[in-house]
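Here's the structure, in structure tokens; my notes come after.
The values are calculated or read from the model by the stated rules, or taken from the named source; none is laboratory data. Because the structure is predicted, anything quoted here is derived from the model rather than measured. Virtual Cβ from ideal backbone geometry, glycine too; neighbours counted across all protein chains shown.
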Amino acid sequence: MKGQVRDDHWEVVACLKAQINKIANVFWTADPIAQMQYEYDLAVNQLKEGREGLEQYRALVERVSRQVANEQAHVKNLEAKTKAYLQAGDRETAARFALELQKAKTELAENEGQLKLHEEAYNNNLTKIKHASKKLSEVRNKIAKYDAELKMSRAEAEMAKLARDFNFDVSTDFGQIEQVIQDKISLNRAKVRVAADLSSEGIVDIQREQAMEKALADQALRDFEVELGLVTPETAKVEGAQKELGPAKLQQTTE
């Protein structure tokens, strides 16, 4: 029973992790640059914390280094005192300083070993932080590069879409609109041509009507002259014939 409960618990945990991963993937795909910037900021904060820890660790190394320096000076002092009492023939006092010197050298050796380990650890962490800083600088440059490339690719995609949509082919909306415009232009030009043709058709009739009216007016004037006795009917007919035939025709007729 307990095993079944434990299995159910891990299944629930796995489902929750899967849902969390799905949500994370949605955010990553929605704005990958922002996600990269977020990860970069987290890394920068971690690096900042690591640097602060390294500073504190360096302070520890400095304390151990000062302690080792003091112990080295203490060992030299004990060595000098031991030699001095030994040369003076005071072996008891020299022996007491010799024992203290032995203990001091043991502690100095241990602290020197600790200082060496601390220095190595500090240098290793320093190298790691420098390397991380370099990597972060590269990541920052990549973020700027990817951001620019992503914006440019979006612009290129929009321009490609625009060029495709503005293809004035007959099968596209723009092509159909262009065809409608051309049809309207042709219709307007046809109206102008028809109006011009219609206006030229009535000119011959108008000219004939005007000529007829002029002939009637001339005949009426001759009749009026005959009525007044200004001309005889025969003369009026001759003048009328001259106007109709013209001078050249009249001369040919006379001949």
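Could you list, in sequence order, the residues of segment 27-59 that are over 26 Å from residue 131 (Cα atoms) and part of a helix (DSSP H, G or I)?
The answer is 27, 28, 29, 30.
Which of the residues spanning segment 77-111 are among the acidic types (Asp, Glu) and loosely packed, with under 14 Cβ neighbours inside 10 Å? Please lay out each step first, then the result.
Taking segment 77-111 and keeping what is among the acidic types (Asp, Glu), we get 79, 90, 92, 100, 107, 110.
Correct list: 90, 92, 110.
Could you tell me which of the residues 79, 62 is farther than 30 Å from residue 131 by Cβ, modelled with pLDDT of 90 or more, of a type outside the set (Val, Ile, Thr) and assigned to a helix (DSSP H, G or I)?
Numbers: 62 fails: farther than 30 Å from residue 131 by Cβ.
It is 79.
Looking at 57, 40, can you tell me which residue is surrounded by 12 or more Cβ atoms within 10 Å (Cβ to Cβ) and touching a Lys or Arg at 6+ places or on another chain (Cβ under 7 Å)?
Working: 57 fails: touching a Lys or Arg at 6+ places or on another chain (Cβ under 7 Å).
After applying the criteria, what remains is 40.
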